[in-house]
Amino acid sequence: MNDKQKKSLARILLTALLLIALQFVPATGMGQMALYLVPYLLIAYDILGKAVRGIRNGQVFDENFLMAVASIGAFLLAVYDQSGDCLEAVAVVLFYQVGELFESYAVGRSRRNISELMDIRPDYANIERGGELVRIAPDEVEIGSVIVVQPGEKIPLDGIVLEGSSMLNSVALTGESQPREVTAGQEVISGCINMTGVLHIKTTKEFEESTVSKILSLVEEASSHKSKSEAFIAKFARVYTPLVCYSALALAILPPLINRFALGMAMEWHVWIYRALLFLVISCPCALVISVPLSFFAGIGGASREGILIKGSNYLETLAKVKYVVFDKTGTLTHGVFAVSDVHHNTLERERLLEYAALAECASSHPISRSLQEAYGSKIDRSRVSEIQEISGHGIMARVDGSQVAVGNEKLMAKQGISAIPCRSGGTIIHVAIDGSYAGHIVIADVIKVQSAEAVAELRSAGVRKLVMLTGDGSQAAQQVAEKLRLDEVHSELLPSDKVAQVERLLAEKPEQEKLAFVGDGINDAPVLTRADVGIAMGAMGSDAAIEAADVVLMDDNPRQVAKAVRLARRCMGIVYQNIALALGIKFICLALGAVGIANMWLAIFADVGVLVIAVLNAIRALQVQNV
């Protein structure tokens with residue numbers, strides 16, 4: 001608890017003790033009421049002050065005004081009937097302050113979770129000068145400077161590692177607890193924590209443009225994008241509060257006048273004024289106007305801790321309605337890098353086929369050559385290779401261990417008079433022949449991420465009805481990925497404008513109430529990310545295009561995060577709807593009971609404070625995201 005909350009708790013406890021003590025004081029009438037004024041002023045002085053300031057500023061109808069009128073009215077009723085018993089007058093304010101304390105605690109807890117994310121902001125950068133490390137502010141470091149990051153320090157700016165190797169903790173950015181290793185030549189982003197070795201990093205961005213700054217800006221600005229639910233609640237409160245005030249006034253005045261002049265009965269002013277006061281207490285919209293924004297605030301904060309940055313509650317609300325998910329292929333469902341996906345050997349064993357191909361390609365820097373060498377997995381002994389000849393558009397000829405090896409496409413095989421066995425697998429086919437005999441072929445393709453199939457299954461279980469893949473790749477490779485992942489549609493050989501056209505077609509086909517999300521790597525997909533109902537950029541650490549174009553930014557390249565984002569959004573919206581139904585349902589029931597004289601002040605306190613506490617406790621459940 002902060003100091004303000006501690007003071008509020010002390011006031012509540014002291015007031016409660018005074019009320020208990022007053023039950024044993026043998027005072028009656030005006031003397032008893034004077035004693036009740038002590039705990040009342042102790043617990044209500046700030047509410048009375050806010051009500052007066054609201055009246056002065058022309059903002060009369062708020063919860064402070066309602067509480068002030070109801071509690072002061074209860075005191076006046078005690079004067080009217082000369083009972084002196086003002087327990088209800090003090091109790092209504094006391095329990096209201098309890099509700100305010102719960103609200104303050106819940107908001108504070110949400111802000112602490114946001115603050116944990118804000119801890120990624122670096123405090124300084126180390127620059128080496130005269131053989132010593134000097135700490136300077138990150139925003140003073142120029143592009144191209146070399147900074148030194150020691151174990152335990154945050155990386156202050158985006159850059160490339162020049163010297164050193166280390167393990168980086170990126171949990172604050174991605175939600176991924178597994179550290180990752182970096183070595184010289186690799187890119188690193190600001191906000192990660194250096195765990196083991198000393199790193200010398202050449203900066204590639206200014207602090208204002210670095211990943212950590214963009215992430216912090218996203219989280220801080222999220223509250224400015226209001227959902228339809230929040231906008232409705234704000235408009236509802238502006239109409240609802242003055243309406244119930246005038247209704248309470250009518251309830252206090254009209255029935256006595258009707259009793260007197262139309263029915264000839266006693267006016268009973270105190271009965272109807274008491275009911276009007278009950279009506280005011282019950283009608284206080286605190287639970288509604290506090291719990292709904294708090295639910296969104298908690299939901300966005302909880303998602304941020306999992307590496308899911310949602311730019312506003314409006315996008316969270318849209319994400320909860322997603323029934324169509326459209327994926328980009330490369331870098332989203334696949335790794336976006338070439339790798340050996342299959343080996344179809346003929347006269348040699350698989351390992352020997354890869355060995356000969358890797359050795360023959362050892363002098364090439366082509367991505368396909370690197371893929372073959374990585375699949376071989378052993379150190380390349382170049383002394384075993386001679387007479388390397390690269391044939392443009394065909395492949396490579398080389399002598400390996402004295403044998404003539406041909407590695408390339410079908411054209412190379414035909415040129416050597418060798419019959420190649422065709423392959424139906426999607427990807428690039430590398431044929432291998434040794435001493436004029438066909439040895440087999442190797443399939444090189446963009447490898448599907450191991451989490452992609454799980455992501456598709458989880459999205460279907462979350463109620464997503466249609467899963468589509470759009471790609472600029474060839475139809476055979478695209479179809480193979482779609483079949484393995486069991487997607488509903490696949491469209492290949494698309495330009496960026498073609499992807500937009502496909503998304504617009506799907507938007508026109510789907511029911512209006514259902515929403516469409518596009519998931520891409522955020523680098524080449526800005527137009528389609530913008531066109532979708534909600535654009536999701538995945539694996540976008542350091543990608544300016546993703547952060548600018550997308551509505552939701554996933555800081556990890558794990559496609560399962562898409563399903564988690566949808567589940568989090570739906571859970572948060574479920575909590576919002578629960579609180580709306582709870583607050584309105586109980587209030588309308590209790591308002592009716594109060595108007596006909598069935599309810600008393602204790603029921604009114606529950607309808608106001610009790611519902612507020614329940615709604616606030618329900619709202620902070622949106623922070624719990626670990627098992628969603």
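The values are calculated or read from the model by the stated rules, or taken from the named source; none is laboratory data. In this text the structure is predicted, and so the values were computed from the model without any measurement. All Cβ positions, even for glycine, are placed from backbone atoms using ideal geometry, and neighbour counts span all protein chains on display.
Working carefully through the options LEU316, LEU294, find the one that is touching a Ser or Thr at 6+ places or on another chain (Cβ under 8 Å), in the same structural domain as THR471 (by TED's automatic domain parsing) and hydrophobic (A, V, I, L, M, F, W, C). Before the answer, list the steps.
Working: LEU294 fails: in the same structural domain as THR471 (by TED's automatic domain parsing).
Residue meeting the stated conditions: LEU316.
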If you take the residues in the range 489-530 that are closer than 23 Å to GLN479 by Cβ and of a type in the set (Val, Ile, Thr), which one is modelled with the lowest pLDDT?
VAL528
Which listed residue is in the same structural domain as GLY436 (by TED's automatic domain parsing), out of contact with any Phe, Trp or Tyr (no Cβ under 6 Å at 6 or more places or on another chain), touching a residue at least 24 places away in the same chain (Cβ under 8 Å) and assigned to a strand (DSSP E or B), from GLU374, GLU390
GLU390
Would the range 494-516 turn up any residue that is closer than 21 Å to LEU568 by Cβ and crowded, with 18+ Cβ neighbours inside 10 Å?
yes
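Being more than 28 Å from the chain's Cα centre (by Cα) and either modelled with pLDDT of 85 or more or under 16 Å from VAL519 (Cβ atoms) (or both) is the filter here; which residues of the range 466-477 pass it?
Filtering the range 466-477 down to residues more than 28 Å from the chain's Cα centre (by Cα) leaves 472-477.
GLY472 - this is the single residue of the range 466-477 that is more than 28 Å from the chain's Cα centre (by Cα) and either modelled with pLDDT of 85 or more or under 16 Å from VAL519 (Cβ atoms) (or both).
For every residue, the table says whether it meets (1) of a type outside the set (D, E, K, R); (2) crowded, with 22+ Cβ neighbours inside 10 Å.
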position	(1), (2)
LEU243	yes, no
PHE261	yes, no
TRP269	yes, no
ILE273	yes, no
ALA276	yes, yes
CYS286	yes, yes
LEU294	yes, yes
LYS323	no, no
Could you count how many residues in the range 15-36 are under 18 Å from PHE75 (Cβ atoms), within 49 Å of the chain's Cα centre (by Cα) and in contact (Cβ under 8 Å) with a residue 40 or more places away in the chain?
3
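Report, by residue number, each residue of the range 122-155 that is small (Gly, Ala, Ser) and either in contact with a Gly (Cβ under 9 Å, 6 or more places away or on another chain) or within 18 Å of GLU187 (Cα to Cα) (or both). Give the derivation first.
In the first step, residues of the range 122-155 are kept if they are small (Gly, Ala, Ser); the result is 125, 130-131, 137, 144-145, 152.
Hits for the range 122-155 are ALA125, GLY144, SER145.
Among the candidates VAL613, VAL528, VAL609, VAL625, which residue alone is in contact with a Phe, Trp or Tyr (Cβ under 9 Å, 6 or more places away or on another chain), surrounded by fewer than 24 Cβ atoms within 10 Å (Cβ to Cβ) and touching a residue at least 12 places away in the same chain (Cβ under 8 Å)? Don't jump to the end; show me each part of the working.
Numbers: VAL528 fails: surrounded by fewer than 24 Cβ atoms within 10 Å (Cβ to Cβ); VAL609 fails: surrounded by fewer than 24 Cβ atoms within 10 Å (Cβ to Cβ); VAL625 fails: in contact with a Phe, Trp or Tyr (Cβ under 9 Å, 6 or more places away or on another chain).
So the residue among VAL613, VAL528, VAL609, VAL625 that is in contact with a Phe, Trp or Tyr (Cβ under 9 Å, 6 or more places away or on another chain), surrounded by fewer than 24 Cβ atoms within 10 Å (Cβ to Cβ) and touching a residue at least 12 places away in the same chain (Cβ under 8 Å) is VAL613.
When you go through VAL576, VAL566, VAL609, VAL613 one by one, which is the residue that is touching a helix residue (DSSP H, G or I) at 6+ places or on another chain (Cβ under 7 Å) and under 30 Å from SER190 (Cβ atoms)?
Details: VAL576 fails: under 30 Å from SER190 (Cβ atoms); VAL609 fails: under 30 Å from SER190 (Cβ atoms); VAL613 fails: under 30 Å from SER190 (Cβ atoms).
None of the others qualify; the one that does is VAL566.
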Of these, PHE61, PHE24, which one is in contact with a Pro (Cβ under 8 Å, 6 or more places away or on another chain) and among the aromatic types (Phe, Trp, Tyr)?
PHE61
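State yes or no: is GLY474 out of contact with any His (no Cβ under 9 Å at 6 or more places or on another chain), within 30 Å of ARG505 (Cα to Cα) and surrounded by fewer than 18 Cβ atoms within 10 Å (Cβ to Cβ)?
Values: out of contact with any His (no Cβ under 9 Å at 6 or more places or on another chain): yes; within 30 Å of ARG505 (Cα to Cα): yes; surrounded by fewer than 18 Cβ atoms within 10 Å (Cβ to Cβ): yes.
Criteria met by GLY474.
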Answer yes or no as to whether ALA398 is assigned to a loop (DSSP other than H, G, I, E, B), in the same structural domain as GLY436 (by TED's automatic domain parsing), in contact (Cβ under 8 Å) with a residue 24 or more places away in the chain and of a type outside the set (Asp, Glu).
no
Heads up, the strands (runs of 3 or more DSSP E) in the range 419-481 (entirely inside) with at least 1 residues that are of a type in the set (Val, Ile, Thr) and over 23 Å from HIS335 (Cβ atoms) are 428-434
Find all pairs meeting these conditions: Cβ atoms under 8 angstrom apart; at least six residues apart or on different chains; first residue within the range 556-568 and of a type in the set (Gly, Ala, Ser); second residue part of a loop (DSSP other than H, G, I, E, B).
ALA563/ALA462
Based on this model, can you work out whether ALA439 counts as over 36 Å from the mean Cα position of the chain (by Cα), buried (at least 20 other Cβ atoms within 10 Å of the Cβ) and either of a type outside the set (A, V, I, L, M, F, W, C) or closer than 16 Å to LEU372 by Cβ (or both)?
yes
Filter result for ALA27 (surrounded by 12 or more Cβ atoms within 10 Å (Cβ to Cβ), among the aliphatic types (A, V, I, L, M) and part of a loop (DSSP other than H, G, I, E, B))
yes
Just give me the residues in the range 322-360 being within 25 Å of ASP473 (Cα to Cα), charged (D, E, K, R) and part of a loop (DSSP other than H, G, I, E, B), in sequence order.
LYS329
I need the full set of residues from the range 158-205 which are among the charged types (D, E, K, R), modelled with pLDDT of 85 or more and in a loop (DSSP other than H, G, I, E, B), in order please.
ASP158, LYS205
